[in-house]
Amino acid sequence: MNKDPFVVLMADDDEHDIVATKRAWKKHHIANPLYIVNDGEECLDFLHQRGKYSEPGSAPRPGIVMLDIRIPKMDGLAVLKQIRENDELRHLPVIILTTSKAEEDRIRGYDLGVNAYIVKPVGFDSFSEAVKTISLFWQLVELPM
């Protein structure tokens, strides 16, 4: 089992969801450092440590990516596709955390190799519990490094 908290990278542009995630992190005392990017291109810049993330230490390698589908510049499914096509990133666990209930989005996500597809629960308490459950599950899983 993983002993050290791993970095979680969240790609989401919805300020309400970002605030709710940060609140849930505090409420449940989640030890994992949380980094947030707001669009698909920024997510890939973070993962490849380029652009504004080229400074050493500004973009530590995440243990998990929580990815919304509906993000600007490059949607989450396109980001997932690029992650899975990159030899250095292809084993990185990715969770799609989205409002999309569309069957075609879910199927496409799994076809592209997402580890989990979760529809964001409505209401802070339900959302907070989902974040807690995601954290607990990934604490038990052996992550590729």
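Numbers for the structure displayed
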| quantity | calculated |
| --- | --- |
| Computed [θ] at 222 nm, deg cm²/dmol, the chain (DSSP H ≥ 4; -39,500 (n - 2.57); rounded to nearest 500) | -12500 deg cm²/dmol |
| For the chain, built as a Gaussian network whose Cα springs stay under 10 Å, the top-fluctuating residue of P72, P121, P56 | P56 |
| Dipole magnitude (debye, nearest 20) for the chain, charges at Cβ of Lys, Arg, Asp, Glu | 420 |
| Per-residue HN-Hα couplings for segment 95-103 [Karplus 6.51, -1.76, 1.60; θ = phi - 60°; Hz; x = Gly/Pro] | 10, 7, 10, 9, 8, 6, 9, 5, 4 |
| In nm, spacing of pseudo-spin labels at E103 and D125 (7 Å Cα→C-beta vector) | 3.3 |
| Residue-by-residue Karplus 3J(HN,Hα) for segment 62-68, coefficients 6.51, -1.76, 1.60, Hz, glycine and proline x | x, x, 8, 10, 9, 10, 7 |
| Segment 40-145: trypsin sites (Lys or Arg not before Pro) falling in loop per DSSP and having at most 14 other Cβ within 10 Å | R50, R70, K73, R90, K101 |
| Nonlocal amide H pairs with M66, under 5 Å, H built at 1.01 Å | L9, M10, A11, I95 |
| Residue-span extension gain [H28 to D111] - 0.36 nm each, minus C-alpha spacing | 26.7 nm |
| Hits among lysines - C-alpha to C-alpha of K27 under 22 Å, sequence gap 8 or more where chains match | K3, K120, K132 |
| Length added when fully stretched, E88-E15, from 0.36 nm per residue minus Cα-Cα | 23.3 nm |
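Readers should treat all values here as calculations from the given coordinates under stated rules, not as data from a laboratory. Computed from a predicted structure; not experimentally measured. Glycine gets a Cβ as well: all are built from the backbone with ideal geometry, and neighbour counts include every protein chain shown.
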